[in-house]
Amino acid sequence: MPLLAPLEDFKPADLPERTQSFWRMAGPGAILVGLSIGAGEIVVWPRAVAAYGAGMIWAAGVGIFLQTWINLEIARWTIATGETVYTGYARVWRGFAPLFLLLTVLGWIAPGWGQASGLALKALLLTPDYGTGPEATGLAWLLGTQTFWTAASFAGVALLLFGPKLVYRSVEKTVEALVLAITVGLVAVALAVGTLETWKELGAGLVNFGYKHPDVPFKKFFIWLVFAGAGGTANLFYTFYLRDKNIGMGARLPALTNALRGRQETIPATGYRFEDNAANRARWRAWFSYIRTDQLVFFFALNSFTIILFIFGALAVLHPRGIVPEENRLIYDQAVILGEVWGGTGRTIFLLVGMATLFSTQLALVDGVARSMADIVYTNFAAARRRELGWWYLAIAGSWMAAGVALTAVMEWREISNLTFLLNAAYMGGFAMAVYVPLTLYLNLKHLPRCARPGPLCIAMMLCATLVYTGFAVYCLVTEFTG
């Protein structure tokens, strides 16, 4: 039996009709926002602003803007074919299957988000320093460990992923609720601590294009750019959310079901191709109109709004006092200072916002990583077809969380910072984007019906994104090897 299974040709089929309004189909973009507003928005960018001020936040805006166009092209492939973009990449070259498996592992294996989420929960319920002193023993010592709280956060993720029958519905409803809570909490914080001078400083930073603080290395700047928005292979998770929401040709494929909840339905590994006729062109325009609105409302507008509010909080509370919190204490330290300004209510609200933000990212990340690896394995490797896709999802998600807890224990024992792993994840993600951004553009121009191919503006934006990510990647590689 060959290692790689042959990919079937597209099956001919018409695009399904779009029969529902935008708000009836809303969800995929909201999950991507829940994934995006994690460590980049609440840890990396606020910490950068606390240290260097608002002068470089234009880069966060650029990152979100470019990723909006990237997401449009990722969606284009899935709603036109019903396939994930990983299957599309394998149509270009079969070697992309093991390559993206490797990129996924390298980018996300470290449990940075699980650890950060667990520490936020500890700060909310106890304090960051609880049980960390040399006198701590027994239960107090256990509750003082990062490993315990990481395991607790992963247990919450497992309940949401492995409990309901339909995985997507559980993730969608949970993340939507968390994003709503985060947004309301951030608006309350901004109203409580904001001043006109802080807003002016924020606005000046947003239009300060091209500025980089002289003390910030280009490698770190590249990481910050990737951290704005979803970043890395996380943008590719959008392909699964659209398919399980029955958007476009995804309506012809069954949704991923929980392998613990009964019989699994066989999901085709490959998709469909529609004929370029008047009826399908009209249906295509209706579906792509949904995608544009989904990305504009959720990913671009809501993502930009939340990251600005997180940055605003750090600019108003931390930067004026010259406070750059320790890596594992940013959320708690900012909450304590908010408590001084606003009282106990402010402290509690920000801790709740921090916990919700990091947990939404952790949940969407475990789901997206498991979907990605299960899809690549099931679609491309002949031996994997002996099991259903849902089984692979369950096995990978469970193993990933167990490995995350084990790695946290090792990191804690070796005193390795979780922020180091978060930054390395973004660094590897930047190289992944340098690969898949031009690849996605090529895929859509080469293999889609003419009416579904990207137009001049989309091509121009994808070429700009290609230049940004490949340019930074090449620069970082050169500096890595030349010192």
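Stretching the chain fully between ASP276 and PHE481 yields a gain of 68.9 nm (0.36 nm per residue, less the alpha carbon separation).
From its DSSP helices (H runs of at least four residues, each -39,500 (n - 2.57)), the chain gives a residue-normalised ellipticity at 222 nm of -22500 deg cm²/dmol. Of all lysines in the structure, the ones whose alpha carbon falls short of 28 Å from that of LYS245, not counting any fewer than 8 places away in one chain, are LYS11, LYS165, LYS173, LYS446. For segment 7-38 versus segment 139-155, the inter-centroid distance based on Cα atoms is 37 Å. Can you give the local net charge around GLY88? Use residues other than it whose beta-carbon is closer than 14 angstrom to its beta-carbon, Lys and Arg +1, Asp and Glu -1. The answer is +2.
If you take all other residues with their beta carbon under 10 Å from the beta carbon of TYR168, and give Lys and Arg +1 and Asp and Glu -1, the sum is +2. Under the criterion of Cα pairs below 8 Å and six or more residues apart, the relative contact order for the chain equals 36 percent.
What translational diffusion coefficient, to the nearest whole µm²/s, does segment 55-145 have by Stokes-Einstein, given a Kirkwood radius computed over alpha-carbon pairs, a temperature of 25 °C and 0.890 mPa s viscosity? Intermediate results must be reported in sequence, preceding the final value.
On the way: Rh = 17.6 Å.
Estimated diffusion coefficient is 140 µm²/s.
Given an 8 Å cut-off on Cα distances and at least 6 residues of separation, report the relative contact order of segment 346-418 as a percent.
Relative contact order here is 26 percent.
List the lysines whose Cα sits under 28 Å from the Cα of LYS220, skipping any in the same chain fewer than 8 residues away. Excluding near neighbours in sequence, the set is LYS200, LYS212.
A cut-off under 14 angstrom between Cβ atoms defines the neighbours of GLY322, and their net charge, with Lys, Arg +1 and Asp, Glu -1, is +1.
Largest first, the three principal axis extents of the alpha carbons in segment 120-233 are 51, 46, 35 Å in whole numbers. Restricting the calculation to Cα atoms, the chain shows an Rg/Rh of 0.97 when the hydrodynamic-style radius is the Kirkwood one. Specify the angular offset, from 0 to 90 degrees and rounded to the nearest 10, of the alpha carbon long axis of helix 112-125 from the longest principal axis of the alpha carbons in the chain. Approximately 40 degrees, to the nearest ten. Net charge dipole, segment 11-482: roughly 1680 debye, given to the nearest 20, about the Cα centre with Cβ charges of +1 for Lys and Arg and -1 for Asp and Glu.
Working from Cα pairs under 8 Å separated by at least six residues, relative contact order for segment 1-127 is 23 percent. With the simple spin-label model, which puts each label point 7 Å out from Cα in the Cβ direction, the LEU260 to TRP199 separation comes to 4.8 nm. Could you tell me how many degrees, from 0 to 90 and to the nearest 10, lie between the Cα long axis of helix 218-227 and the main elongation axis, the longest principal axis, of the Cα atoms of the chain? On a 0 to 90 degree scale, this one is about 70. Close amide H pairs (under 5 Å, H built 1.01 Å from N) link LEU4 with ALA382, residues at least 5 positions away or on another chain.
Taking the inverse of the mean 1/r over every pair of distinct Cα atoms in segment 352-483 gives a Kirkwood hydrodynamic radius of 18.2 Å.
Relative to the dominant Cα principal axis of the chain, helix 96-108 is inclined by about 10°. Sorted ascending by nearby beta carbons within 10 Å, beginning with the fewest, VAL187, VAL478 become VAL478, VAL187. Counting neighbouring Cβ atoms within 10 Å and putting the fewest first, the residues LYS245, LYS220, LYS200 line up as LYS200, LYS220, LYS245.
Bear in mind that the values in this text are calculations on the coordinates, not laboratory data. In this text the structure is predicted, and so the values were computed from the model without any measurement. All Cβ positions, glycine included, derive from the backbone under ideal geometry; neighbour counts span all protein chains shown.
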